[in-house]
1. Given the criterion out of contact with any strand residue (DSSP E or B) (no Cβ under 7 Å at 6 or more places or on another chain), farther than 26 Å from residue 257 by Cα and not hydrophobic (A, V, I, L, M, F, W, C), identify the matching residue among 191, 208, 220.
2. Looking only at region 251-291, count every residue that is of a type in the set (Phe, Trp, Tyr) and surrounded by fewer than 24 Cβ atoms within 10 Å (Cβ to Cβ) and tell me the total.
3. Please work out which one of (1) surrounded by 14 or more Cβ atoms within 10 Å (Cβ to Cβ); (2) at pLDDT 75 or above is the condition residue 384 fails and give its number.
4. Assess whether residue 162 counts as being within 17 Å of the chain's Cα centre (by Cα) and not in a loop (DSSP other than H, G, I, E, B).
5. Among the residues of region 90-109, what is the count of those that are more than 20 Å from the chain's Cα centre (by Cα) and not in a strand (DSSP E or B)?
6. Among the strands (runs of 3 or more DSSP E) contained in region 214-303, which hold 1 or more residues that are over 22 Å from residue 199 (Cβ atoms)?
7. Consider region 324-351. How many of its residues are assigned to a loop (DSSP other than H, G, I, E, B), closer than 26 Å to residue 82 by Cβ and at pLDDT 90 or above?
Amino acid sequence: MKINFKKLGVCMVVLFILVGSISSLSASDWPMFQNNLRHTGYINQDTSYSTQTWTVNLDSAITTNPVLYGDKVLVGTQKGTLYALDAQDGDEIWKFELDDAIRSSPAVSNDSIYFGADDGYLYSLDIDNGKENWKFKSGDSICSSPAIDSDNVYFGSDDGSFYAITRDNASLEWQYKTDDDIKSSPAIHNDTVYFGSNDDKVYALDTDDGSVKWEYDTGDNVRSSPAIVNGTVYIGSDDNQIYAIDEESGNENWTYNAGSSVTSSPSIDERQCTLYAGTEKGSILALDIRDGLKKWEVKTGSSINTTPSIFGTNIAVGTSSGSMLMLNKFTGNNVWSYNPGYIDNFAGSVSASPVTSGGSLFMVSEDGNVYSLNTDQKIGPTSIYTYYIVAVIAGILVLLVVLKKLVYDKWKNN
């Protein structure tokens, strides 16, 4: 048989391109809060995925973390709408509307989206068209973002209960009652689910039956969500502390006094042995995960309630004054910042964590806008606030011209 090596070579090139494209796409996904079930907030920057810069205004304030899955950016709003936007240009693909606010960040698994709402339901939607698969009723609002393993969906509710339901049909597997509402989003590792509660405790439950493996007492509400690396659970508390807790025993490894409440969830770069977190008083901290010693601190002057995202040599974190900061992860030095209002506190607060992928960063704001930034070129979209500022300047110039004419006419008449 005669082999056409030219055609064979072309086929091999096409195959490599296809494989490379598939790998890049999967590497670029950010399918849940903090990207993975251990909540490290880290993404491999070696991906070809990139988008244009754009901004789109949705129906109301946005406080949920966006999720990137394939070509879709998923965002929930305070008005109760979950949007699927085209990651390339921000165009609406579909939307799912409720009557109550969505404050639970969505999570995606096997082409289904899971999220909670203030109506007390946890919803499952089809990723392709936004059609409802099922919904499960808890006893109160759901702010906790769900975690999904091969069998179940796990989440907390403001009714104080932590739930495990089947991912296929929302049957209740087990339920564990804490002594206060649960805002913290669960992390899963080694058949154990970890989360905090406003009863001041951190919990470790068996994923099979919900039995308690251990619980750890902090000094105040635990709204921060855990991150798990190398056998240690890292989490913040309203008692101003960041805790490192042994994953198996629940014993304390170390604590760090951050000086103010830590609602920001820690992100961890395992290679650099570094934890990043923000504080209510506006500090961004880098700590050594082995002993809790501080590597660096940046004081922003604005509350940091968002969780840092780690990509390449940088971290990205949003502030209550409306800015998105990019800092060098080794030194804390400012690399670039983007503020759609151009000056602090002119635009809406950024209370949701950004999503990074390749050269793109997606951020949301309480002004109701979603922004796509180019982190390679350090550029963002022209903000709607530009037109407000231009209109104000134009108005001032017109007023000055009118005043000048009035003064001139008065002088001439005299």
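The values are calculated or read from the model by the stated rules, or taken from the named source; none is laboratory data. Just so it is clear, the model here is predicted, and its values are computed rather than measured. Because the Cβ atoms are built from the backbone with ideal geometry, glycine has one as well, and the counts that use them run over all protein chains shown.
1. Answer to the selection: 208.
2. 2
3. Failed condition: (2).
4. So residue 162 fails the test.
5. Final tally of qualifying residues: 4.
6. Hits in region 214-303: 227-229, 232-236, 252-257, 267-269, 274-278, 283-288, 294-299.
7. Here the count works out to 1.
Residue by residue, here is whether (1) touching a Leu at 6+ places or on another chain (Cβ under 8 Å); (2) of a type outside the set (S, T, N, Q) holds:
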residue	(1), (2)
63	no, no
99	no, yes
115	yes, yes
128	no, yes
132	yes, yes
138	yes, no
